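Each remark here refers to the structure printed beneath this line.
The values are calculated or read from the model by the stated rules, or taken from the named source; none is laboratory data. Note that this is a predicted model, so its numbers are computed, not measured. Don't worry about glycine lacking a Cβ; one is built from the backbone with ideal geometry, like all the others, and counts go over all protein chains shown. All accessible areas refer to the heavy atoms of the entire protein, side chains included, with ligands and DNA or RNA removed. Shrake-Rupley method; radii C 1.70, N 1.55, O 1.52, S 1.80 Å.
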2 protein chains.
Amino acid sequence: MISAGLECRSPRMFSVWSLIMTYMKNSDDAAMAASGLRDLTPLLKPRSVAIVGATPDSRRVGGRPLSFLRRFGFPGPIYPVNPKYEEIEGIRCYPSVTKLPESADMAIIAVPASRVIEAVRECQVAGIPSMTIYTSGFAEMGGAGERLEAELKSIAEAEGTLVCGPNCQGVANLHDRMVANFSSALSRDDITAGPIGFVSQSGLFAGIVAAECHQRGLGLGYLNSTGNECIVDFADMIAHMASDSRIRVVAGYLEGIRDGHKLRAALAIARKNQTPVIILKVGRSDESARAAASHTGSMTGSYEVYRAAFHQWGVIEANDVTELFDLIELFSLSPPASKGPRVGILTNSGGIGVFCADKVNELGLELPSLNPETSARILEKLPAFGSAQNPVDFTLQALSDAEAIGWHLKHMVSDPNVDVVLAFFGVQMLNVDALCAEIIKANKVNEKPIVVGWMLGDPSLPGQLRAEGIPCFNDPLRALKAIRALVAGPISMREEVLPSDVDSAVAMVAQAVHSGKFQLGEYDSKQVLSMLGIDVTRGRVVANSQHAVAAAEEVGYPVALKVESPDIGHKSEAGGVRLGLTTSTAVRSGFEEIQDSIRIFDPNALIDGIGVYEMVTDAIELIVGIKQDPVFGPVILLGSGGIMVEMLKDSVVRVAPITKSDAHTMITELKIFPLLGGERGYPKSDIDAVADILARLSNFSLATDLISELDINPLMVLPEGNGACAADALIVLQVEQEKFTTN
Amino acid sequence: MISAGLECRSPRMFSVWSLIMTYMKNSDDAAMAASGLRDLTPLLKPRSVAIVGATPDSRRVGGRPLSFLRRFGFPGPIYPVNPKYEEIEGIRCYPSVTKLPESADMAIIAVPASRVIEAVRECQVAGIPSMTIYTSGFAEMGGAGERLEAELKSIAEAEGTLVCGPNCQGVANLHDRMVANFSSALSRDDITAGPIGFVSQSGLFAGIVAAECHQRGLGLGYLNSTGNECIVDFADMIAHMASDSRIRVVAGYLEGIRDGHKLRAALAIARKNQTPVIILKVGRSDESARAAASHTGSMTGSYEVYRAAFHQWGVIEANDVTELFDLIELFSLSPPASKGPRVGILTNSGGIGVFCADKVNELGLELPSLNPETSARILEKLPAFGSAQNPVDFTLQALSDAEAIGWHLKHMVSDPNVDVVLAFFGVQMLNVDALCAEIIKANKVNEKPIVVGWMLGDPSLPGQLRAEGIPCFNDPLRALKAIRALVAGPISMREEVLPSDVDSAVAMVAQAVHSGKFQLGEYDSKQVLSMLGIDVTRGRVVANSQHAVAAAEEVGYPVALKVESPDIGHKSEAGGVRLGLTTSTAVRSGFEEIQDSIRIFDPNALIDGIGVYEMVTDAIELIVGIKQDPVFGPVILLGSGGIMVEMLKDSVVRVAPITKSDAHTMITELKIFPLLGGERGYPKSDIDAVADILARLSNFSLATDLISELDINPLMVLPEGNGACAADALIVLQVEQEKFTTN
């Protein structure tokens, strides 16, 4: 029996994995090396396949794979396993995987849930390194199912077995004729392998994708359903497919992942290979967002973090099912990217032209004026009632004069004011072949993309254009959304890291945790910030009103008094704050009042004293901070200060790490950015100081895992050159959570 | 020759018009009686048609109508007119309309632009009351074309001739077999008349609609293209179609209208007849919005006013072309309205279920928990791995057990927590007829709407469902958008009017215009507001610093000083404002400083003095006002005060008149409404006082046409029970505009 350990795979089988490994070795990023990505070669390109629970009835789940593998022409041996049969469809059937003539590379498991563990163990004994488990009845059922899956997982992990599923429709690698996905959408006869790799956490959704691709004449390369992701997950699939040179676009249906940084590593591989990745993320209002709730919890629902991560790591996000299909179609054609947002429009309908002008605007694209030379040239061949301005309306000319349309297109695509062209034709039934030839010719003029809108016209054109790599959509809005995707393009990840010394701050936090604290009050939190190089309002904590007056005279009036206590998170609500005190009398009575209020609010609260701080005025108030996301780890927050953040949801998040340059981009995304930028008579704020603080927080967030939350609220942003300064701060420490085991 | 004047139409021909007249007589609304809506019977239901410029070549525009009228079986006489022919297609051709055996009801005019005026005059001589002019080369060309159209208009108006066009594709009333629209989309043989009335300001767009309706199996009743709207316009068409009992839904493609209140009257007729009206408005970033520019001009782009008007008058607005088609399809089926926003979802794909849950949320709908009884009943017949919670996932059950799907549907539609049901099936190829029967049966359980999503399944089902009035879409998001439209429903217009005496304010404004003023300064504007019953900050205008101190002591410190001048609109920019003065010394020096600043800013400015006003504190600042929209007339504005209105676009508009109840709704639409409503520890504001002011401004705006703009900025809104008070105000008067004539 041949051992199927990873070390003895043939060099050819390892092509994809070695590419991943090469990339990872070349990368300086320690996170990448520890990504946890797996070599899926035995699963997705097995040399032989066993089918545990095979049956002759091809309508049953256990019957499909044999039928599919044979119909798609799987080149290696197939071993049906079922003690009930001697043979199935003329192929010898084995009573157990341990009786096969050789060890298979992959086993499909289609037996009842109660028998899965036994089947997996037998496969392990037989030296089978990878399995696809169709069977349902595991974690998705909760209770006993969850326990069963935990057992499966531990068995698989012990032997390093690759398990896809359970509760999945399986995997298919169509280029290599390995179809172990039982979706009925694959039961058609006319399916050809193509450049699209798809991974789905929903089985039926994968079937929908297969059916839609077939209907659009697009070829699938992979159709992988990951189900409960006991071992093999979404990120593994993305990395594998994006490393296969036959795949031009990778797409996925995603409900949720467990490890954000594994996804990050997979996406880095996709960027390295210049493979666009499109994801439809569902479960956007997931309850999991509430886990990190606190008074600014509303700023970072987990979907917001997914969006930020997608944006940071170059994922093209689809917002609905049709958009997902359209983006897959678009990128499967490998169209050139657009160098800018300026859309030139040519149309046979002035009405659609006006509609498109609106949508260009709504989608954040631009409608440039054409170069006068372009308009003049177009006008030379335009009919009497057309328009040579953008959008160019050539009225009924396409019905009779395809050459003129080619002329217009050529001049528009050559216009220096135009980055990308939309050519729209409504109800065009005549002159179609000549028109098609002209569009194809114009598409070769230069590298600017041409996208065609073809609505209710002769159905033969779209396929001809797509064969030439020209995207074509039957709705003008969908065509414009495709253009937007070509303009946005994937974002390259910057790895620049801001140098800063975080050791003393990390040590102080560790000391606090060690001494049993749950959070640091304002004074201690500000000390941590100071160690990170972040300015804080001057002041100190005092024990009596006499010291308070002395402290006030030290920092200078007006001052703020704030209770310092590890037990009080929201000081204002506890009556623990007095602001703008201008005299020693006010400081004295303020001190007493705070003492009284706290005594009433929480008689048992431990009070470290009362802080006396300078007041910073003429500043714009922001909120900045760190939160822990259960999937993506530390997240950096930025928001408008005060009541506005609640009402106007003016906040931005990023997954750490971020660079100072990322931080600058974050700031421009705030709704109140014009205010910071010095519009409407306000002084220009010290934006660079804010960016610096965000980058320092990012560094700190990655240097310690003892912080559950850090809030600077408010951060007082002063006019340019004067910095920004934390007027209040709170650090909540990571408390060891009680761990529940599943048995 | 029979006279074709309006007075001699047969009673039957006037059915639609008499319905309109009946409604208008019953209405108390004076605006309605003066709406200017026209009787389109001669145009849309002519007994006979002449074709001026008829040719035997049916590919040419002049050749189409004869061919179409005959193919659709127009029941009356058709008179081709062209001196070149004796007959066309076996029908006698006349050299001139004056030579016809009788006067036709309608003439199609398809002659070159240079000959149109002559043709129209001849038709008038021949007593033809209505014309459809296909010819282009009029106002859309500017210059000479504009002058030609002005002449055409004046000739038509002189004789009361109904002119549709010029520059249009014509009209079609398919129920009455009158097809005078030359769109090639009507050249199919298999077009049947149906319940959809469409009017388009774009010719080709109408063709797209015809082609799409045909593709979806939906019947058109009207296909009217209005072109340049020299006489007959969009509103006339809406009113006519909405009054035809064979029409269940009226829809339109709209670039812009000239008279908002005529549209209002047309829409009132549609509401009266319970005919939904769907409009796709394009040209949303129309330059015309800039006409009303001023410092708050950014608040009321004209599209914003269109949107407000649509919302107020019950138009269902489509946001893109596909949505337009989907809404047409939806309402052509006359589905019941949904009583609420709670959507119950049944699906064969858990993945699509999660996707829909997200979209329900994003579309402002709700995903209720099912009644436990409903879940229990559904569970009785659910397969092992399904889910009986909303969204209910019945997995593969529909493949084998249609009856169970009917069971689930019946229980879901009966659930008191559910207002409307989405049943989604992906890639469903088997068991289709049985499933269809179950859906139709469930749809009869009660009046709650069921909308079906049918994606990539057997294509025979959608048509069967639609035949039973059940909407069916091939994309889950489009199905949910249809559900949203069923939930929103048309809004009924409230005619309640707030009583208030505006005579003295109107008189004061008239007096100011009479004396040659262009605007009223703060003091005078506040006087007008007081006359309208709106509170203003106390104070008076003084001529020297001594009087200023006296005035300050009268109103009480702190005070504000503000220059009073008809020549200075933005007082702050001119250095004409000092706020928060607390002593007589500060008032004295403030007075001097303002005088100096103004002298530098504009040495020629006429200064009435300097106003001394009380300061209102602890208030929330809003902006309220009146603007004149060129289409809709007076518009009432409400926005957040200060810099926020610019940055956050926190503003709401309504077309006057509005009631106090409308005003309350406006206030709830502000982004800062939670602040006014007393959230986050703020005191509850006097919202009712704001609503009262908005309604008073609405009354005033309709009582005078001498106001071009009125701004109260800021309106200080005090805590509940304390009212709201104008701290500054500006009234810009209507200056007679120089009129340009076109000859």
Residues of the stretch B:211-239 satisfying the condition of being in contact with a helix residue (DSSP H, G or I) (Cβ under 6 Å, 6 or more places away or on another chain), of a type outside the set (G, A, S), without any contact (Cβ under 8 Å) to a residue 40 or more places away in the chain and within 14 Å of chain A (Cβ to nearest Cβ):
none
Only residues that are under 22 Å from B:A691 (Cα atoms) and open to solvent by 60 Å² or more (accessible area, probe 1.4 Å): list them for the stretch B:515-529, please.
B:Q527
For A:H175: the one exception among (1) surrounded by fewer than 24 Cβ atoms within 10 Å (Cβ to Cβ); (2) at pLDDT below 95:
(2)
Give the residue that is nearest to the other protein chains (Cβ to nearest Cβ), with candidates limited to residues of the stretch A:674-688 that are free of Cβ contacts under 8 Å to residues at least 60 places away in the same chain and crowded, with 18+ Cβ neighbours inside 10 Å.
A:L675
Take the stretch A:536-559 and flag every residue that is touching a residue at least 60 places away in the same chain (Cβ under 8 Å) and surrounded by 19 or more Cβ atoms within 10 Å (Cβ to Cβ).
A:V536, A:T537, A:G539, A:V541, A:V542, A:A548, A:A551, A:A552
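Given the criteria modelled with pLDDT of 90 or more, more than 26 Å from A:Q519 (Cβ to Cβ), open to solvent by less than 30 Å² (accessible area, probe 1.4 Å) and β-branched (V, I, T), does A:V587 qualify? Walk me through how you get there before you give the answer.
On the way: modelled with pLDDT of 90 or more: yes; more than 26 Å from A:Q519 (Cβ to Cβ): yes; open to solvent by less than 30 Å² (accessible area, probe 1.4 Å): yes; β-branched (V, I, T): yes.
Answer is yes for this residue.
Going by the structure shown, is B:I128 assigned to a helix (DSSP H, G or I), over 29 Å from the mean Cα position of the chain (by Cα) and away from chain A (no Cβ under 14 Å)?
Details: assigned to a helix (DSSP H, G or I): no; over 29 Å from the mean Cα position of the chain (by Cα): yes; away from chain A (no Cβ under 14 Å): yes.
Answer is no for this residue.
Kindly indicate the residue of the stretch A:189-210 that is part of a loop (DSSP other than H, G, I, E, B) and closer than 24 Å to A:L330 by Cβ and also nearest to the other protein chains (Cβ to nearest Cβ) among those meeting that condition. Talk me through it step by step, then tell me what you get.
So in the stretch A:189-210, the residues part of a loop (DSSP other than H, G, I, E, B) come out as A:189-192, A:201-202.
Subset that is closer than 24 Å to A:L330 by Cβ: A:190-192, A:201-202.
Numbers: A:D190: 15, A:I191: 14, A:T192: 18, A:Q201: 7, A:S202: 3 Å.
In this case the residue turns out to be A:S202.
Could you list, in sequence order, the residues of the stretch B:601-627 that are open to solvent by 20 Å² or more (accessible area, probe 1.4 Å), of a type outside the set (S, T, Y) and closer than 23 Å to B:V536 by Cα? Full working, then the answer.
Within the stretch B:601-627, the subset open to solvent by 20 Å² or more (accessible area, probe 1.4 Å) is B:601-604, B:606-608, B:614-621.
The next check asks that each one be of a type outside the set (S, T, Y); those that pass are B:601-604, B:606-608, B:614-616, B:618-621.
Correct list: B:I607, B:D608, B:E614, B:M615, B:V616, B:D618, B:A619, B:I620, B:E621.
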Name, by its number, the condition in (1) within 30 Å of B:R264 (Cα to Cα); (2) at pLDDT 95 or above; (3) open to solvent by 20 Å² or more (accessible area, probe 1.4 Å) that does not hold for B:L40.
(3)
Right, B:A384: surrounded by fewer than 18 Cβ atoms within 10 Å (Cβ to Cβ) and among the small types (G, A, S) or not?
yes
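Can you name every one of the helices (runs of 4 or more DSSP H) wholly within the stretch B:30-108 that holds 3 or more residues which are charged (D, E, K, R)?
Details: elements: B:30-33, B:41-44, B:64-71.
Once the helices (runs of 4 or more DSSP H) in the stretch B:30-108 are filtered for at least 3 residues that are charged (D, E, K, R), what remains is B:64-71.
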Can you name the condition, by its number, that A:I470 falls short on among (1) in a helix (DSSP H, G or I); (2) away from chain B (no Cβ under 14 Å)?
(1)
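Could you pull out every one of the helices (runs of 4 or more DSSP H) wholly within the stretch A:299-392 that has 2 or more residues that are within 14 Å of chain B (Cβ to nearest Cβ) and in contact with a strand residue (DSSP E or B) (Cβ under 8 Å, 6 or more places away or on another chain)?
On the way: elements: A:302-313, A:321-332, A:350-362, A:372-380.
Once the helices (runs of 4 or more DSSP H) in the stretch A:299-392 are filtered for at least 2 residues that are within 14 Å of chain B (Cβ to nearest Cβ) and in contact with a strand residue (DSSP E or B) (Cβ under 8 Å, 6 or more places away or on another chain), what remains is A:302-313, A:321-332, A:350-362.
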Which of the residues belonging to the stretch A:543-578 are part of a loop (DSSP other than H, G, I, E, B), among the polar types (S, T, N, Q) and over 16 Å from A:A729 (Cα atoms)?
A:N544
Which members of the stretch A:138-172 meet the condition of being surrounded by 23 or more Cβ atoms within 10 Å (Cβ to Cβ) and on the phi > 0 side of the Ramachandran plot?
A:G165, A:N167, A:G170
Take A:A206 and decide whether it is touching a Ser or Thr at 6+ places or on another chain (Cβ under 6 Å) and either buried (at least 22 other Cβ atoms within 10 Å of the Cβ) or among the aromatic types (F, W, Y) (or both).
yes
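Of everything in the stretch B:444-467 that's outside any helix (DSSP H, G or I) and of a type in the set (G, A, S), which residue is nearest to B:E366 (Cα to Cα)? First the steps, then the outcome.
Residues of the stretch B:444-467 outside any helix (DSSP H, G or I): B:444-460.
Those still in the list that are of a type in the set (G, A, S) too: B:453, B:457, B:460.
Working: B:G453: 18, B:G457: 27, B:S460: 31 Å.
Per the criteria, the residue is B:G453.
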Scan of the stretch B:393-405 for residues that are open to solvent by 30 Å² or more (accessible area, probe 1.4 Å) and away from every other protein chain (no Cβ under 14 Å), ordered by number
B:D401, B:E403
Here are some residues: B:I269, B:I257, B:I238, B:I278. Which one is under 19 Å from the mean Cα position of the chain (by Cα), among the hydrophobic types (A, V, I, L, M, F, W, C), open to solvent by 10 Å² or more (accessible area, probe 1.4 Å) and in the same structural domain as B:V315 (by TED's automatic domain parsing)?
B:I257
Given the conditions (1) in contact (Cβ under 8 Å) with a residue 12 or more places away in the chain; (2) assigned to a loop (DSSP other than H, G, I, E, B); (3) open to solvent by 50 Å² or more (accessible area, probe 1.4 Å), and given that A:K441 satisfies all but one, which numbered condition is not satisfied?
(2)
Within the stretch A:321-373, which residues are over 23 Å from the mean Cα position of the chain (by Cα), open to solvent by less than 20 Å² (accessible area, probe 1.4 Å) and either of a type in the set (K, R) or within 28 Å of B:A479 (Cβ to Cβ) (or both)?
A:S349, A:G351, A:I352, A:F355, A:C356, A:D358, A:K359, A:V360
Those residues of the stretch B:406-421 which are closer than 19 Å to B:T395 by Cα and either within 14 Å of chain A (Cβ to nearest Cβ) or not hydrophobic (A, V, I, L, M, F, W, C) (or both), in sequence order:
B:G406, B:H408, B:K410, B:H411
